[in-house]
Amino acid sequence: MNVKSFLMGMLCLLATGVSFVSCNDDNDDFLDDTGSKVSLPGRRAYILYEGSYGQGNSGLAFYAPDGNADFIGDIYTVQNGKGLGDTGSAMIEHDDNIYVVVSGSNYVVRLNAAGVEQCRHEFEYMPRYIDAEDGYVYVTQYGGRVSKLDAVTLDEVGVYQGQPDHAYEGIVECNGLLYVADSQTRDESATVVLGYNSEVLVIDPNSMQLKQTVSVTVNPERLWECDGKVFLISRGDYATVTDSWLQLIDTQTNTKTDIEKAAKLAERDNVLYLINTEYDSSYNQTNSFFTYNISTGKITDHTFLNNNPEELSSATIYLFEVDDETGDIYIGTSDYVSEGTVYRFDASGTFKEKFDAGGINPNSMIFVD
């Protein structure tokens, strides 16, 4: 046994009685569990559920992918002695920290790896989505704003101010630039939609100035960076119930190409996992599951799920994530009024289990180890 292995073993023994450190046999990294009231395994997942708008019932659930700890339906409350707030809209992991955007309560919070709050930043305008790069986090807001925050302190160090009646949604950093979805035009209260926009903004994160815009399908919402490319899903005009479309933005020319109808996206190993939802005249929905190979630009004509439960074919899908380490697939459903359900499949698409999501409208899941 070398000295490093011995010290690792001793620290793991100490952690059985003290919750400030977490040990993982698969790597030599330590997670910051300072202040944790519960003992957590080295590998863990968190599920953000947004709750019902205006009800203040958002929460953060803990789940152990390796099955070595009990599920905790609201670990944020357990760790911090208070509720998360109203409408948790987005969550990312960055440098073993967890960042959660709580739209209805107008703030973003940084948690350590155990879900203990470290600091928060409050906004005048409703925050929506978040991305992180090079020691900064970037948060989109209604009111036509993108804030640049120090990733440790969450102090605002820069801001892009666009048109104040525009609602910004998804954001992603790619090749040194920020891509921001300009989705809607709203009234002064930001509650009434006046129209749907059709642009993605390209912003220099150093100066926080607009470089150019990219014309895209109406109502752009979410963006992803995959293999140096930007992928976008637009929701279409809700008033006319148009389809959601997956698009590719060429970051060299800043032009977009339509790929296929799709409403949900997850990515692993240069493959996009996609879910599309079609509606009939009575608004009954049917879900289809397929993939897109980023390298070849080809779409499969078959599902990536082998034995999905029947209810998934017509359920409202709210959460869709792929575990980058194992390839396991997680799909969360919602009926908007009761606790959501998460379905887990292995990398081959074989159904493994389903479990309660912890709360209403589970919308995102991250893995920390």
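Yes or no: segment 46-55 includes at least one residue that is in a loop (DSSP other than H, G, I, E, B) and closer than 23 Å to residue 152 by Cβ.
The answer is no, given that none of the residues of segment 46-55 is in a loop (DSSP other than H, G, I, E, B) and closer than 23 Å to residue 152 by Cβ.
In segment 161-197, which residues are on the phi > 0 side of the Ramachandran plot and touching a residue at least 40 places away in the same chain (Cβ under 8 Å)?
The answer is 175, 190.
Which residue is farthest from residue 125 (Cα to Cα), if the candidates are limited to segment 182-203 and must be more than 19 Å from the chain's Cα centre (by Cα) and among the polar types (S, T, N, Q)?
198
Within segment 305-321, can one find any residue that is over 20 Å from residue 288 (Cβ atoms) and under 17 Å from the mean Cα position of the chain (by Cα)?
no
Determine the pairs where a residue that is without any contact (Cβ under 8 Å) to a residue 40 or more places away in the chain and charged (D, E, K, R), located within segment 118-134, has a partner that is assigned to a strand (DSSP E or B) and surrounded by fewer than 20 Cβ atoms within 10 Å (Cβ to Cβ) with Cβ atoms under 6 Å apart, the partner being 6 or more residues away or on another chain.
120/107; 122/107
If I filter segment 152-181 down to residues being within 22 Å of residue 197 (Cα to Cα) and β-branched (Val, Ile, Thr), which single residue comes out as farthest from the chain's Cα centre (by Cα)?
159
Got at least one residue in segment 200-218 being touching a helix residue (DSSP H, G or I) at 6+ places or on another chain (Cβ under 9 Å) and surrounded by 17 or more Cβ atoms within 10 Å (Cβ to Cβ)?
The answer is no; no qualifying residue exists.
Report, by residue number, each residue of segment 280-293 that is touching a residue at least 12 places away in the same chain (Cβ under 8 Å) and not in a strand (DSSP E or B).
Selection gives 284 alone.
Restricting to segment 93-133, name every residue that is assigned to a strand (DSSP E or B) and β-branched (Val, Ile, Thr).
Result: 98, 100, 101, 102, 108, 109, 130.
Can we say residue 248 is in contact with a strand residue (DSSP E or B) (Cβ under 6 Å, 6 or more places away or on another chain), free of Cβ contacts under 8 Å to residues at least 24 places away in the same chain and under 18 Å from residue 234 (Cβ atoms)?
When the stated conditions are applied, residue 248 passes them.
Taking the condition crowded, with 19+ Cβ neighbours inside 10 Å and either more than 20 Å from the chain's Cα centre (by Cα) or in a loop (DSSP other than H, G, I, E, B) (or both), does residue 359 pass?
When the stated conditions are applied, residue 359 passes them.
Just a yes or no: is a residue in segment 294-316 in a strand (DSSP E or B), in contact with a Ser or Thr (Cβ under 9 Å, 6 or more places away or on another chain) and crowded, with 20+ Cβ neighbours inside 10 Å?
Checked against the condition, which is being in a strand (DSSP E or B), in contact with a Ser or Thr (Cβ under 9 Å, 6 or more places away or on another chain) and crowded, with 20+ Cβ neighbours inside 10 Å, segment 294-316 yields no hits at all.
Take residue 277 and tell me if it is of a type in the set (Val, Ile, Thr), without any contact (Cβ under 8 Å) to a residue 60 or more places away in the chain, surrounded by 11 or more Cβ atoms within 10 Å (Cβ to Cβ) and under 24 Å from residue 259 (Cα atoms).
Yes.
With the condition being within 21 Å of residue 140 (Cβ to Cβ), I'd like the strands (runs of 3 or more DSSP E) fully within segment 221-274 carrying at least 2 qualifying residues.
Here the list reads 229-234, 245-250, 264-268.
Only the coordinates and a few stated rules stand behind these numbers; no lab work does. Owing to the predicted nature of the structure, the values given are computational and were not obtained by experimental measurement. For neighbour counting, all protein chains shown are included, and Cβ atoms are generated from backbone atoms with ideal geometry for every residue, glycine included.
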